[in-house]
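Below is one structure; the comments refer to it alone.
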Amino acid sequence: MAARIEHLVTAGEFSLDGGTWQVDNNVWILGDDEEALVIDAAHDAEAILAALGGRRLVAIVSTHAHNDHVDAAPALADRTGAPILLHPADEVLWRQTHPDRKPDAPLADGQHLTVAGTDLTVLHTPGHSPGAVSLYAPELGTVFTGDTLFAGGPGATGRSFSDFPTIVDSIRGRLLTLPPETVVRTGHGDSTTVGAEAPHLEEWIARGH
């Protein structure tokens, strides 16, 4: 039986380039009654621990290293013994939040992660940040896109370490090529589908989103 998807929303601050904003983050938990994997340990390690309910945590996967997606990762790792996984290209951002703690293992494009018998494929989708990744779970008909693709368009590219043409290439080449019924589970806000977002690509480019 495939892993089930659980959703937790946590609140805190996003800080970059001298600014700070209040944000709500989506924390995604995949697993069964025995084990689980957390995507983006945001803001509140205690709330994530409560949602895990004593299950074995196999990994903490960071879609990227902006502080609001990784601020609770070390505390969660310390409490559970689970490794923190991050694409190496985002370590420069990671160090801004956790200068004294490194991620435990790298993520790489095409890498496969398994939890509760369910396979996740790592897709390197840079643009919002250099090491941004998405996680595709074909058995579940879903892709976890972090801040690369939202309902309504690409993630923000107006701050340091981001690039609009790069995020468009990532979305066009890695995400909109997935089956149109694939559910897009995002780092903030509502979910969408590949089919709902694909028709708007040229509009995003024209707007320079």
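Residue 66 meets each of the listed conditions (1) over 18 Å from residue 148 (Cβ atoms); (2) in contact with a His (Cβ under 9 Å, 6 or more places away or on another chain); (3) buried (at least 21 other Cβ atoms within 10 Å of the Cβ) apart from (1).
Of everything in region 158-171, what is among the small types (Gly, Ala, Ser) and crowded, with 24+ Cβ neighbours inside 10 Å? Give them in sequence order. Steps first, answer last, please.
Our first condition is that a residue be among the small types (Gly, Ala, Ser); within region 158-171, this holds for 158, 160, 162, 170.
Matches in region 158-171: 170 only.
Take the conditions in contact (Cβ under 8 Å) with a residue 60 or more places away in the chain and under 21 Å from residue 136 (Cα atoms) and apply them to residue 41. Does it pass?
Against the criterion (in contact (Cβ under 8 Å) with a residue 60 or more places away in the chain and under 21 Å from residue 136 (Cα atoms)), residue 41 does not qualify.
The residues of region 150-161 that are part of a loop (DSSP other than H, G, I, E, B) and out of contact with any strand residue (DSSP E or B) (no Cβ under 9 Å at 6 or more places or on another chain), listed by number, are 156, 157, 158. For region 102-148, the set of residues classified as among the polar types (S, T, N, Q) and not in a loop (DSSP other than H, G, I, E, B) consists of 114, 118, 121, 134, 142, 145, listed by residue number. Residues in region 162-209 that are in a loop (DSSP other than H, G, I, E, B) and among the acidic types (Asp, Glu): 163, 181, 190.
Taking the numbered list (1) at positive phi; (2) touching a residue at least 40 places away in the same chain (Cβ under 8 Å) in turn, residue 18 passes all entries but (2). Within region 186-201, no residue satisfies the criterion of being exposed (fewer than 14 other Cβ atoms within 10 Å of the Cβ) and closer than 17 Å to residue 166 by Cβ.
Residues checked against (1) aliphatic (A, V, I, L, M); (2) more than 29 Å from residue 17 (Cα to Cα); (3) surrounded by fewer than 22 Cβ atoms within 10 Å (Cβ to Cβ):
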position	(1), (2), (3)
101	no, no, yes
109	no, no, yes
130	no, no, yes
139	no, yes, yes
148	no, no, no
152	no, no, yes
156	yes, no, yes
176	yes, yes, yes
184	yes, no, no
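Determine whether residue 185 is at pLDDT below 95, among the basic types (Lys, Arg) and at negative phi. Spelling it out, it is not the case that residue 185 is at pLDDT below 95, among the basic types (Lys, Arg) and at negative phi.
The values are calculated or read from the model by the stated rules, or taken from the named source; none is laboratory data. Just so it is clear, the model here is predicted, and its values are computed rather than measured. Virtual Cβ from ideal backbone geometry, glycine too; neighbours counted across all protein chains shown.
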